[in-house]
1. So is residue 249 outside any loop (DSSP other than H, G, I, E, B), over 20 Å from residue 224 (Cα atoms) and touching a strand residue (DSSP E or B) at 6+ places or on another chain (Cβ under 8 Å) or not?
2. List the number of the failed condition for residue 107; all other conditions in (1) surrounded by 14 or more Cβ atoms within 10 Å (Cβ to Cβ); (2) assigned by TED's automatic domain parsing to the domain that holds residue 256; (3) in a loop (DSSP other than H, G, I, E, B) hold.
3. Which of the following residues is under 25 Å from residue 249 (Cβ atoms), out of contact with any strand residue (DSSP E or B) (no Cβ under 9 Å at 6 or more places or on another chain) and in a helix (DSSP H, G or I): 148, 138, 166, 197?
4. When you scan segment 131-143, do you find a residue that is over 12 Å from the mean Cα position of the chain (by Cα) and over 27 Å from residue 244 (Cβ atoms), even just one?
5. Please state which of the following conditions residue 73 fails to meet, knowing it meets all the rest: (1) surrounded by fewer than 21 Cβ atoms within 10 Å (Cβ to Cβ); (2) within 16 Å of the chain's Cα centre (by Cα); (3) modelled with pLDDT of 90 or more.
6. Taking residue 186 as the residue in question, decide whether it is under 15 Å from the mean Cα position of the chain (by Cα) and either touching a residue at least 24 places away in the same chain (Cβ under 8 Å) or crowded, with 23+ Cβ neighbours inside 10 Å (or both).
């Protein structure tokens, strides 16, 4: 049974309490919804008596103790400011900007931390996953498919791992398109380390995201949840070179549960690297050879033909800082000045630039929203 996310966006100041509860290791969408149902806002829940929280948290003493301990020491506004300084944005399942495909899955992650931009066009997304030990054949196929999808205006989703993931991200970027990378660690801990440069390219031309706490390490139990988000963000999942025991096949299982299309590139019958791909083809996955096959099967060909590939917008530090403090809720320019610590003339000029780039919108009386 799917969790029901809140029907309306949280008040602007309530987002910080979503983050606060997440930092207190509350990770269930159901619990967030239960708190909203009981208290009306997460700010009220954060300030509630322990006996009230115990009731809404289902009597889970460990969770209650963690929340109580965290709220005694956590500077909520300071934590949000720290994320902002690091260029990290937050979107909750109650926000309009939350990825719509991900919202459809059972128990979507309540809070996502990300760097970069999430766009409405990311609803046309395809995930590409596969082995970390890609052969030349797997590398070439991953590059061809990812680049072809990107050039057609389709967002490529993967997990920033070495091998197929890395080839897919790079090819999408080189094709002038967008890519989303979902981490199995926190947003502050890029894994693997050698992909730090790639991660920077991703958030400049797409988004780098995680539902883990910002400082979380890449522990092995984080990766199945990461795979669930990868498939949840996409219309379909393409598997390229996956052995029988592969994290990519975990993504396939999640995709099937989520009602996503599953595609696989065939390999040699004797290839252990492609054994998982060949098995899921036998079990009913769709065989694909190139990007055109994926576009045709997902009925994206005609639509993609009319999509202009978005070129990356290179934002300077002040532009990124201002953009990160804006949400779908109107915010007065004076509040933006205070939040960013920049002079009014500079903020006014940057807002005009961002408005011309269609990244923000002036809704009147010097109130701005993220577009």
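1. Answer is no for this residue.
2. (2)
3. 148
4. Checking segment 131-143: not a single residue is over 12 Å from the mean Cα position of the chain (by Cα) and over 27 Å from residue 244 (Cβ atoms).
5. Every condition holds for residue 73 apart from (2).
6. Spelling it out, residue 186 is indeed under 15 Å from the mean Cα position of the chain (by Cα) and either touching a residue at least 24 places away in the same chain (Cβ under 8 Å) or crowded, with 23+ Cβ neighbours inside 10 Å (or both).
Every residue, every condition in (1) touching a helix residue (DSSP H, G or I) at 6+ places or on another chain (Cβ under 6 Å); (2) modelled with pLDDT under 90, yes or no:
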position: 34; (1), (2): yes, no
position: 52; (1), (2): no, no
position: 56; (1), (2): yes, yes
position: 83; (1), (2): no, no
position: 114; (1), (2): no, no
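The values are calculated or read from the model by the stated rules, or taken from the named source; none is laboratory data. The structure displayed is predicted, hence computed values, not measured ones. Positions of Cβ are backbone-derived with ideal geometry, glycine not excepted, and every protein chain shown enters the neighbour counts.
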